[in-house]
Amino acid sequence: MDLAFHPIASVFPLLDEAQLADLAADIIAHGRVNEPILLFEGAILDGRNRYRACQRPEIAALKIKPRTRDWTGTASEAIDYVWSSNFHRRHLTASQKAACVVARDVLVDRLAAEARARQEAGRKAGGRGKKKTLARSRAQVSEGKTATKLATLAGVGKTLVEQAQQIQRKDPAAFQAVIEGAQTIPQVMRTIRRAAMRPVAIPDGVYRVVYADPPWHYGNAGIVGEELGQSDAYGRAERFYPSMTIEELCALDIKGRTADAAVLFLWVTSPLLAECFAVIKAWGFAYKASFVWHKLAHNFGHYNSVRHEFLLLCTKGSCLPDHPTPMPESVIAVPRAAHSEKPQEFRRLIERLYDGNAETRLELFGRAPAPGWTVHGNEIAEAV
């Protein structure tokens, strides 16, 4: 018996090898396949994993054959049946749930278009055509195809569904990988953003003051919170801009673009506090002191409520402040604004401590032009 899988069934992922082995062991223990394999249009609608298990040598040797029966309902009813039989029984991640509901929505659209084409062909041939209504599934799935309603059906956040729709359009292979659980939606979106990133050459010049807010890469940090709709402090940064690894940041030629006596103000969060010193060294600087931005608000963290961020002061050669007094406070309390946007109080602090202009001051990874600074950043390049 050689059967294909119906597209309706492929909305959901197959069992992995370990799960399939468990299913095979259960079949062997009972000496039979308890539930029949359901066929629709000559392909498997329900029972793909039972069918796969029966292809394994240990079951084939026992000549255990699954029973089959045909689905007698419409395509619309088949979609509803597969969804209700699988969605709540499966241990799906939030990414998989979002991808499955989008896959179902796309499938309903395709089958509806095929049904309309058959009806039109039937009318042109002088008959009524074979009608397979999809109205009920269409209403249940999207009711207007809004991401909000799809998200409600899947029980996930709207953003995750919107990103799943984007992945489905741009990269079907990656979309299938999400359904199968090989990747998460945040991971795929980061890959898409990185591929779309336009390299921006660091402006020529020799700078005395450098102010940097790097797009730190946090690996998988924040993915769980992101999928659950939590506002985590770290991983969510990569939803806003392509990140860079420590190695990629170290490779930037900052050392060759700074004066023999220069100062670096570097933003970094707690998880990367140790790792950032490799970047400081590669850029030709040495750590001297730190400022703490107290954000006055809770932000999700893995070990504590994250209410702060560090601004490290590092020097190259001898570069003491031009105006050391009055001495600034080391902890500055300012409410946070848009994600990753740093308060202007810190730029003014730097300008008060060190004299300069656009020829001597460089801002790295800036988000907007700033008077008296040469600003380098992805968003700056996109705006030009």
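The values are calculated or read from the model by the stated rules, or taken from the named source; none is laboratory data. Computed from a predicted structure; not experimentally measured. Here Cβ is always computed from backbone atoms with ideal geometry, including for glycine, and neighbour counts include all displayed protein chains.
Limited to the range 21-51, what total is found for residues that are in contact with a Leu (Cβ under 8 Å, 6 or more places away or on another chain) and within 16 Å of VAL11 (Cα to Cα)?
9
Going through the range 284-313 one residue at a time, which ones are within 19 Å of PHE346 (Cβ to Cβ), within 30 Å of the chain's Cα centre (by Cα) and aromatic (Phe, Trp, Tyr)?
Residues satisfying the conditions are TRP293, PHE310.
Would you point out which residue out of ARG352, ARG361, ARG307 is under 22 Å from ALA259 (Cβ atoms) and touching a strand residue (DSSP E or B) at 6+ places or on another chain (Cβ under 7 Å)?
The unique qualifying residue is ARG361.
Yes/no matrix, rows are residues, columns are (1) under 30 Å from ALA177 (Cβ atoms); (2) modelled with pLDDT of 90 or more; (3) surrounded by 13 or more Cβ atoms within 10 Å (Cβ to Cβ):
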position	(1), (2), (3)
LEU38	yes, yes, yes
GLU41	yes, yes, yes
LEU45	yes, yes, yes
ARG48	yes, yes, yes
THR72	no, yes, no
ARG90	yes, no, yes
VAL108	yes, no, yes
ARG116	no, no, yes
GLY127	no, no, no
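Just give me the residues in the range 316-362 being of a type in the set (Asp, Glu) and within 33 Å of the chain's Cα centre (by Cα), in sequence order.
Listed by number, the residues that qualify are GLU341, GLU345.
Would the range 329-338 turn up any residue that is part of a loop (DSSP other than H, G, I, E, B) and surrounded by 18 or more Cβ atoms within 10 Å (Cβ to Cβ)?
The answer is no, given that none of the residues of the range 329-338 is part of a loop (DSSP other than H, G, I, E, B) and surrounded by 18 or more Cβ atoms within 10 Å (Cβ to Cβ).
Taking the condition of being in a helix (DSSP H, G or I), basic (Lys, Arg) and closer than 21 Å to HIS376 by Cβ, how many residues in the range 339-361 meet it?
2
Give, as residue ranges, the strands (runs of 3 or more DSSP E) completely inside the range 1-86 that count at least 1 residues that are among the hydrophobic types (A, V, I, L, M, F, W, C) and closer than 22 Å to CYS100 by Cβ.
Answer list for the range 1-86: 37-40, 43-46.
Determine whether TYR354 is assigned by TED's automatic domain parsing to the domain that holds SER270, more than 21 Å from LEU249 (Cβ to Cβ) and surrounded by 19 or more Cβ atoms within 10 Å (Cβ to Cβ).
yes
Within the range 252-326, which strands (runs of 3 or more DSSP E) (wholly inside it) include 1 or more residues that are of a type in the set (Asp, Glu)?
258-268, 308-316
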